[in-house]
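Okay, so here's the structure we're looking at.
The values are calculated or read from the model by the stated rules, or taken from the named source; none is laboratory data. Computed from a predicted structure; not experimentally measured. Backbone-built Cβ (ideal geometry, glycine too); neighbour counts: all protein chains shown. For accessibility, only protein heavy atoms count, side chains too; no ligands or nucleic acids. Shrake-Rupley method; radii C 1.70, N 1.55, O 1.52, S 1.80 Å.
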Amino acid sequence: MISIDKLGVEFSATPLFLNASFVVNPKDRIALVGKNGAGKSTMLKIMAGMQEPTYGQVSRQKDITIGYLPQVMVLTDSRTVMEEAETTFAHISEMQKRLDNMNDEIARRNDYESESYMALIERFTHENDRFAMMGGTNYHAELERTLQGLGFRRADFDRPTAEFSGGWRMRIELAKLLLQKPDLLLLDEPTNHLDIGSIQWLERFIKERANAVMLVSHDRTFINNVTNRTIEITCHRINDYKVKYDEYIKLRDERREQQKRAYDNQQKEIADIKQFIETFRYKPTKSNQVQSRIKMLEKMVPIEVDEVDTSSLHLKFPPCLRSGDYPIICDKVAKNYDHHLVFSNVSLTIKRGEKVAFVGNNGEGKSTLVKCIMREIPFDGTLTIGHNVQIGYFAQNQAQLLDGDITVFDTIDQVAKGDIRLKICDILGAFMFGGEASDKYVKVLSGGERSRLAMIRLLLEPVNLLILDEPTNHLDIQSKDVLKQAIKDFDGTAIIVSHDRDFLDGLVDKVYEFEGGKVREHIGGIYDFLKKKQIESLNELGRNMSGEGSPSASATPSVQTSVEKQDTAAALSYAEQKEHNKLIKRAEKAVEAAERKVTELERQIAAIETKLATPEGANDTTLCTKYGELKSQLATAEDEWTEASLELEGLKD
């Protein structure tokens, strides 16, 4: 499908990668890995045709379609969700206009015997057949099904994209890619901003519906679940492993051990040769042996050991004045966008020194409440910032707000004050921007590098309340660990918005859950919260199956003690569990049947497409009609598969 041959990219004479070569085949599921700044995003952009290499060749199969999901999305805020999704079908809209114009011309003319009229009829027939083959006006139905499958309600279709959080905007882009049905999907950090349910949906889509895929992700579980091949960028080279990520890690470590042993042996050999040359250089009887060893040394090819990213990201939040006992107090806080309720009646108190997590599905209002605290948007109710509170705020889009036309050094120099300006180079070095990296322009940095740079800006002023909105996006595993330790050691108060369970584990002691326009408090860590949620799901299951869904039952307090939850869970009888398991098995069979139907229809459509590609097939109206019927059946079958899958997910939740 795509062949990369001896590709190289250099920035200011500094190589990013050299002589990179590999081939992407149909149905490949490739994880592109390497440390931050190694060139992963650059490689995806080159493959997508958005950037040119310094040298080398990119050969793409004729008529191949490529779908590219970037780290940083650019959506026009003036469009609605539906209008943004419809941009995928701009070519069909243009074709519809051409057909309407030709139809008007046919209606006006009466020179039925002329050659030009016959040519017009022939052109109209050909275009109309193509229009039908491409789905015609049926694309609206497919578009709606796709958006609904990704969690959008019909009421959301006419809402501006500006009202949606980063995760929902990512889903809009995913919907557009899905509707395009590209031959190759290039995904750059696709799990950023996505909640757990969305990540699971994306995993199923890649495994079951996608063609070839190449992706960059720091979510180890995600790439293990969806990929079967790992391409590593290290030491400016490409290493291709035909295995999953976990197996690649083992093979990589084995290779490095072999390289290290070979390197040590070579260094010992070099030292012995140099010692021989130095000892016998001036002895005439040994001149031939000395010259032989000198030539041997000159011809020796140095053995390289693959780089290991041992640089550390030292985060140290500077000391700050002591804040009041209660940095944040919310009393019946509510937020609406026109007629859309984000949340209401939010009452919570965060004490000094607490580290709390805001969790919930995308669009439930986590970032919105943070913006209310920051006074970035208006709200109803009372929100009090405590005495002497100094806030350090890291937003989801912080990295995007950096000026791309200045250097890394200048970015920090603009905000540094006092004596700290004398230590800018030391600070940048601690964040892996040492040496020439500080002279890079921000616009050439990767997403991870931009996030680190934005984090440096946060550290330049002392704060006693940290508000971090998805701080781990674009950070590698090592950087996440160091940031987590720094927050643990932080003396002040911290509010962390994140979907990263491993990052939150052992870091927070209270969880605020955003769901259905409400905010509920859960005492304990993130896994305590998840355990409670599982018990609550069982309680809900018991009520639904026993018919206890009365208004009075739903009016019970939203926060229960662990004992109450366990008692209610125990009430779930064996018979109810057995009946529920039957429902799950029945739903699984329905999904399998729907998948088989979709696969068979896709096979039939592919066979007809092969015939239509021939001159005889293109003029076969019966074949075109059959093709249109199969496409319609496929759309219905895909809809049935979506409904069956959603039903199965609901039973498993």
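Some notes on this structure:
- Test for HIS218: is it over 24 Å from ARG596 (Cα atoms) and touching a His at 6+ places or on another chain (Cβ under 9 Å): yes
- Of the strands (runs of 3 or more DSSP E) lying entirely inside the stretch 8-109, those containing at least 3 residues that are more than 19 Å from the chain's Cα centre (by Cα), farther than 30 Å from GLU208 by Cβ and modelled with pLDDT under 85 span 14-24.
- Residue match in the stretch 420-435 (condition: open to solvent by 10 Å² or more (accessible area, probe 1.4 Å), touching a strand residue (DSSP E or B) at 6+ places or on another chain (Cβ under 6 Å) and either modelled with pLDDT of 80 or more or under 19 Å from CYS320 (Cα atoms) (or both)): no
- Pairs, first basic (Lys, Arg) in the stretch 624-635, second open to solvent by 80 Å² or more (accessible area, probe 1.4 Å), C-beta under 9 Å, six or more apart: LYS631/ASN138
- Being closer than 30 Å to LEU530 by Cβ and either crowded, with 18+ Cβ neighbours inside 10 Å or at pLDDT below 90 (or both) is a condition met by no residue of the stretch 405-415.
Here's the yes/no breakdown for (1) at pLDDT 85 or above; (2) over 24 Å from LEU18 (Cβ atoms); (3) not hydrophobic (A, V, I, L, M, F, W, C):
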position: LEU186; (1), (2), (3): yes, no, no
position: GLU189; (1), (2), (3): no, yes, yes
position: ASN211; (1), (2), (3): yes, yes, yes
position: THR221; (1), (2), (3): no, yes, yes
position: ILE233; (1), (2), (3): yes, no, no
position: ASP246; (1), (2), (3): yes, yes, yes
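- Pairs where the first residue, in the stretch 214-226, is touching a residue at least 24 places away in the same chain (Cβ under 8 Å) and surrounded by fewer than 22 Cβ atoms within 10 Å (Cβ to Cβ) and the second is in a helix (DSSP H, G or I) and among the aromatic types (Phe, Trp, Tyr), C-beta under 7 Å, 6+ apart: ARG220/TYR245
- Unique match (being among the acidic types (Asp, Glu), farther than 18 Å from VAL24 by Cα and open to solvent by 30 Å² or more (accessible area, probe 1.4 Å)) among ASP195, ASP158, ASP183: ASP158
- Some residue of the stretch 613-621 being modelled with pLDDT of 75 or more and in a helix (DSSP H, G or I): no
- Pairs with Cβ under 8 Å, 6+ apart, first in the stretch 96-124 and within 30 Å of TYR139 (Cβ to Cβ), second in a loop (DSSP other than H, G, I, E, B): LEU120/ARG109
- Looking only at the stretch 352-396, and only at residues there that are among the basic types (Lys, Arg) and surrounded by 15 or more Cβ atoms within 10 Å (Cβ to Cβ), the one that is nearest to the chain's Cα centre (by Cα): LYS366
- Taking the stretch 436-448 as the range and being surrounded by 18 or more Cβ atoms within 10 Å (Cβ to Cβ), at pLDDT 80 or above and in a helix (DSSP H, G or I) as the test, the residues that pass are ALA437, SER438, VAL442.
- Filter pass, LEU507 being on the phi < 0 side of the Ramachandran plot, in a loop (DSSP other than H, G, I, E, B) and either basic (Lys, Arg) or touching a residue at least 40 places away in the same chain (Cβ under 8 Å) (or both): yes
- For the stretch 493-548, the candidate set comprises residues that are among the hydrophobic types (A, V, I, L, M, F, W, C) and modelled with pLDDT under 80; within that set, the residue that is nearest to ASN192 (Cα to Cα) is LEU530.
- Here MET50 clears all of (1) among the hydrophobic types (A, V, I, L, M, F, W, C); (2) within 30 Å of PHE164 (Cβ to Cβ); (3) surrounded by 14 or more Cβ atoms within 10 Å (Cβ to Cβ); (4) in contact with a strand residue (DSSP E or B) (Cβ under 9 Å, 6 or more places away or on another chain) except the condition numbered (3).
- Neighbours by Cβ (under 6 Å, 6+ apart or cross-chain): first from the stretch 288-303, more than 26 Å from CYS235 (Cα to Cα); second open to solvent by 100 Å² or more (accessible area, probe 1.4 Å) and outside any helix (DSSP H, G or I): VAL290/ARG281
- For beta carbons closer than 8 Å, sequence separation of 6+ or different chains, a first residue in the stretch 30-41 that is closer than 20 Å to LYS443 by Cα and a second that is of a type in the set (A, V, I, L, M, F, W, C) and in a helix (DSSP H, G or I), the qualifying pairs are GLY37/ALA437.
- Test: residue in the stretch 468-488 that is in contact (Cβ under 8 Å) with a residue 12 or more places away in the chain, in a helix (DSSP H, G or I) and within 22 Å of GLY363 (Cα to Cα): no
- Within the stretch 497-531, tally of residues that are surrounded by 19 or more Cβ atoms within 10 Å (Cβ to Cβ), in contact with a Phe, Trp or Tyr (Cβ under 7 Å, 6 or more places away or on another chain) and within 30 Å of LEU32 (Cβ to Cβ): 1
- Candidates GLU298, GLU304 - the one that is open to solvent by 70 Å² or more (accessible area, probe 1.4 Å), of a type in the set (D, E, K, R) and assigned to a loop (DSSP other than H, G, I, E, B): GLU304
- The test for being assigned to a helix (DSSP H, G or I), open to solvent by less than 70 Å² (accessible area, probe 1.4 Å), among the hydroxyl-bearing types (Ser, Thr, Tyr) and modelled with pLDDT of 85 or more does not hold for SER323.
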